[in-house]
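The values are calculated or read from the model by the stated rules, or taken from the named source; none is laboratory data. Predicted, not measured: the structure shown is a model, and the values here were computed from it. Virtual Cβ from ideal backbone geometry, glycine too; neighbours counted across all protein chains shown. Just so you know, the surface numbers come from the protein's heavy atoms only, side chains and all, with ligands and any DNA or RNA stripped out. Shrake-Rupley method; radii C 1.70, N 1.55, O 1.52, S 1.80 Å.
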Amino acid sequence: MKSPADGTPLPDRRWLERLAAVPGLGAPPEGMSEEECWSPKPCEPADWSDLLVADRYEHFEMPPGCPRFRVPHAPRAPWQSEAQYEADRRSTEQFYFALSICLGIAQQAATVVGLHRSCPRNPCRRAGQCVSRRAEDDWTVFPGPMLPPCCNDRARTELVRHMVNVKLEQIREERGGEEP
């Protein structure tokens, strides 16, 4: 079925309309300027030495070209059964898989709207697309490691977060409600 106005199929038109309605994030926390809110703070790298860090995903298939977060698994606790430990590992892997998917979509969204052209990181400008990422354990600046470093002010972050949320909603709908 086609939309009479411009020939865009109605399901596609609905997603385009959703993309056009970018919500606002609101004001920064009280007592904090917008610059303070969006400026990276010194990040103390996490100590992953006591963890079993996996570079591959056992329970989820990563789409080709999608950035990957390493999965830090805690050692099995003495009180955990094998089933509990496996459930914990799967849950941890699912969290980092979701971060990877969000970052991959965010990098595509940042490229579509041209944020890579003024990215603070040189590789994006050289590649002609968003390819940079924050340190995977750097939660010192909003929104954390699941958005690229070019999301460094309110307007850019609002736009890319909105695009990611619309895409995730579209994927969920296509899968019949199942999480991506």
Which ones in segment 112-129 are in a loop (DSSP other than H, G, I, E, B) and open to solvent by 20 Å² or more (accessible area, probe 1.4 Å)?
-> 113, 120, 121, 128, 129
Quick check: anything in segment 68-81 modelled with pLDDT of 90 or more, in a helix (DSSP H, G or I), open to solvent by 50 Å² or more (accessible area, probe 1.4 Å) and not aromatic (Phe, Trp, Tyr)?
-> no
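Return yes when residue 90 is open to solvent by 90 Å² or more (accessible area, probe 1.4 Å) and within 26 Å of residue 108 (Cα to Cα) and no when it is not.
no
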In this structure, is residue 165 outside any helix (DSSP H, G or I) and open to solvent by 50 Å² or more (accessible area, probe 1.4 Å)?
-> no
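Assess whether residue 61 counts as being closer than 18 Å to residue 172 by Cα, exposed (fewer than 15 other Cβ atoms within 10 Å of the Cβ) and among the charged types (D, E, K, R). Break it down into steps so the answer makes sense when it comes.
Values: closer than 18 Å to residue 172 by Cα: yes; exposed (fewer than 15 other Cβ atoms within 10 Å of the Cβ): yes; among the charged types (D, E, K, R): yes.
The answer is yes for residue 61.
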Would you say residue 55 is free of Cβ contacts under 8 Å to residues at least 60 places away in the same chain, within 30 Å of residue 123 (Cα to Cα) and surrounded by fewer than 16 Cβ atoms within 10 Å (Cβ to Cβ)?
-> yes
Would it be correct to say that residue 132 is open to solvent by less than 20 Å² (accessible area, probe 1.4 Å) and either modelled with pLDDT under 90 or not in a helix (DSSP H, G or I) (or both)?
-> yes
State yes or no: is residue 33 at pLDDT 85 or above, over 23 Å from the mean Cα position of the chain (by Cα), open to solvent by less than 80 Å² (accessible area, probe 1.4 Å) and of a type outside the set (Phe, Trp, Tyr)?
-> no
